[in-house]
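The values are calculated or read from the model by the stated rules, or taken from the named source; none is laboratory data. Computed from a prediction, not measured in an experiment: that's the story for all the values here. A quick note on method: Cβ atoms are made from the backbone with ideal geometry, for glycine too, and the neighbour counts reach across all protein chains shown. Areas reflect the complete protein model, heavy atoms only, side chains present, ligands, DNA and RNA absent. Shrake-Rupley method; radii C 1.70, N 1.55, O 1.52, S 1.80 Å.
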Amino acid sequence: MALLHILRYPDPRLYTVAARVDRVDHRIRKLIKDMAETMYAAPGVGLAATQVDTHLRVIILDISEAHDQLGVFINPELTAASGVADREEGCLSVPGVYEKVRRAERITVRALDAQGKPYTLEAEGLLAVCIQHEMDHLEGRVFVERLSRLKRQRILAKLKKRGRRAAEPEARRLAL
Ligand code: K1U
Ligand code: ZN
């Protein structure tokens with residue numbers, strides 16, 4: 001297994017629309033294992049292949065406290081959605097930023113599992129939010145793009161400032 005690098009917003013690669021998986025083979029299962037290791041280490045409750053710079057329609061989720069209920073969704077499709085809910089979201093590609101986003105309250109999703117077997121899942125609450133958030137990644141959409149322009153600008157400014165701070169010791173070292 002391997003820990004993968006998670007792309008940070010506003011990296012342009014996060015805007016890539018992922019391609020469908022045409023065969024669930026050992027390469028896809030290796031990707032899923034590496035993504036799971038990366039998600040648990042982060043730590044996070046979900047991860048889309050897009051975030052690790054692999055532009056295939058694969059997402060994983062685990063909202064259990066014991067980290068023993070990994071959900072795998074290959075080529076996920078929403079077949080039903082109802083209600084609306086505003087819930088706080090986070091994203092491993094936008095560390096330290098949590099904002100409320102409006103999404104469907106209940107969804108039905110159809111996908112393939114890690115064996116390539118089709119299944120259907122009905123979800124609500126945090127699970128429904130996470131599935132919709134990860135499916136957005138596959139469309140090249142990061143959750144901050146669902147916020148107002150003003151909020152997005154503030155987030156970008158905060159991330160830039162943080163990036164400059166992180167680069168300061170290196171800049172000082174190079175100046176010596
Ligand atoms: O980056 C991602 O897409 C993963 C993201 C999933 C998500 C969380 C909450 C609402 C919508 C989508 C995260 O996992 S952010 C980190 C997080 O929520 C968390 C981290 C540690 C423990 C519990 C939660
Ligand atoms: Zn995310």
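Below is a table of values for the structure above.
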read-out	value
Heavy-atom surface of the chain, accessible at 1.4 Å and reported per residue (Å²)	58 Å²
Volume in Å³ per residue [convex hull over Cα atoms, computed for segment 12-175]	133 Å³
Hits among lysines - C-alpha to C-alpha of Lys151 under 17 Å, sequence gap 8 or more where chains match	Lys100, Lys160, Lys161
Degrees separating the helix 149-175 axis from the principal Cα axis of the chain, which is the longest one	50 degrees
Between helix 125-138 and the chain: long-axis angle, C-alpha atoms, 0 to 90°, nearest 10	70 degrees
Contour excess over end-to-end distance, with Cα ends at Tyr15 and Glu124 and 0.36 nm allotted per residue	36.6 nm
Residue-span extension gain [Arg8 to Lys161] - 0.36 nm each, minus C-alpha spacing	53.7 nm
Protein-only accessible surface order, largest first, of Arg146, Arg164 at 1.4 Å	Arg164, Arg146
The chain - percent of accessible surface contributed by carbon and sulfur, probe 1.4 Å	52 percent
Spin-label pair Glu168/Lys151, simplified geometry with 7 Å Cα→Cβ offset, distance in nm	2.9 nm
GNM top mover of Leu61, Leu112, Leu14 - the chain, alpha-carbon springs below 10 Å	Leu112
Cα-based helix-to-principal-axis angle, 26-41 vs the chain, degrees rounded to 10	50 degrees
Other-chain or far-sequence residues with amide H under 5 Å of Leu56's (modelled H)	Ala19, Thr50
Within-13-Å neighbourhood charge of Gly46 [Cβ basis; K, R +1; D, E -1]	-4
